[in-house]
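Have a look at the structure below, then the notes.
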Amino acid sequence: MGYYKTAQICENGHVITASYSSSNLGENYCHLCGAETIITCPSCNANIRGKYEVEGVLDFSTKKFPTPSFCHNCGARFPWTKSAIEVAKELLELESNLSPEELSYLNENMTSILVDTPKTKVVATKFKLALGKVGSTTASAIKDILVDIASEAAKKIIFPQ
C-alpha cells in the first residue's frame, strides 16, 4: 500500500518539492517569487498531499507534480487558488465590453470552472464567449491565470486546441 509525501508550495503556487520531509527541508521562501512556503492547509492544518510513494517501487516519471487547487482534507481553496480567482475577477472588471449582468454572472460562478460539476460546461462556455468580447491583452492574461487552475473539462471548452 502506498502513501502521500508532503508537498511544499509557495503561497503563489510554485511547487518547491513534492517530497518534503524533516531531512529535506526545502525552502522557507520561494526561489522564484520570494513568497512564504507552506506544507499544511491554512484552513485545517492537514499536510498538503505531495508525491504518492509505494514502497519497493521506483518512480522514473518525469511528469511535473501538479499544484493542487483544494485541500484534500477540508476542501478549502489554497491561497494560490484564491489569489488566481481574485486576479481574474479584477481583470474582468477592467473591461467595459461586458454587461453588468455578464460580469456579475462570471464573478459569482467563476469557481465552477475549477472543478468538474454539472455546471462547469455552462460556465466555461459563457466564460469563453466573454473572453471573445474583451481585449486581447485581458483575454491573454486571464487565460494564463486559468490554465493552471481550471478543470480539464473547462480547459477543453475555454482553450480548445
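Return the only residue of Val115, Val122 being outside the structural domain of Thr40 (by TED's automatic domain parsing), out of contact with any helix residue (DSSP H, G or I) (no Cβ under 7 Å at 6 or more places or on another chain), modelled with pLDDT of 90 or more and not in a helix (DSSP H, G or I). Unique residue meeting the criteria: Val115.
Just one of (1) at pLDDT 95 or above; (2) assigned to a loop (DSSP other than H, G, I, E, B) fails for Trp80. It is (2). Scanning the range 129-143 for residues that are more than 25 Å from Asn12 (Cα to Cα) and either buried (at least 17 other Cβ atoms within 10 Å of the Cβ) or touching a Cys at 6+ places or on another chain (Cβ under 9 Å) (or both) turns up Ala130, Val134. Only a single item in (1) exposed (fewer than 11 other Cβ atoms within 10 Å of the Cβ); (2) free of Cβ contacts under 8 Å to residues at least 40 places away in the same chain; (3) of a type outside the set (D, E, K, R); (4) not assigned by TED's automatic domain parsing to the domain that holds Thr120 is not met by Cys33, and it is number (1). State yes or no: is Lys63 surrounded by 13 or more Cβ atoms within 10 Å (Cβ to Cβ) and either at positive phi or basic (Lys, Arg) (or both)? So Lys63 does not fit the description; no.
In this structure, is Leu146 within 19 Å of Phe159 (Cα to Cα), out of contact with any strand residue (DSSP E or B) (no Cβ under 9 Å at 6 or more places or on another chain) and exposed (fewer than 15 other Cβ atoms within 10 Å of the Cβ)? No. Go through (1) within 22 Å of Gly132 (Cα to Cα); (2) modelled with pLDDT of 90 or more; (3) in contact with a Leu (Cβ under 8 Å, 6 or more places away or on another chain) and name the single condition Leu98 misses. With respect to (1) within 22 Å of Gly132 (Cα to Cα); (2) modelled with pLDDT of 90 or more; (3) in contact with a Leu (Cβ under 8 Å, 6 or more places away or on another chain), Leu98 is out only on (2).
The values are calculated or read from the model by the stated rules, or taken from the named source; none is laboratory data. Keep in mind that what you see is a predicted model, and the values were worked out from it rather than measured. No Cβ is skipped: glycine too gets one built from the backbone with ideal geometry, and neighbour counts run over all protein chains shown.
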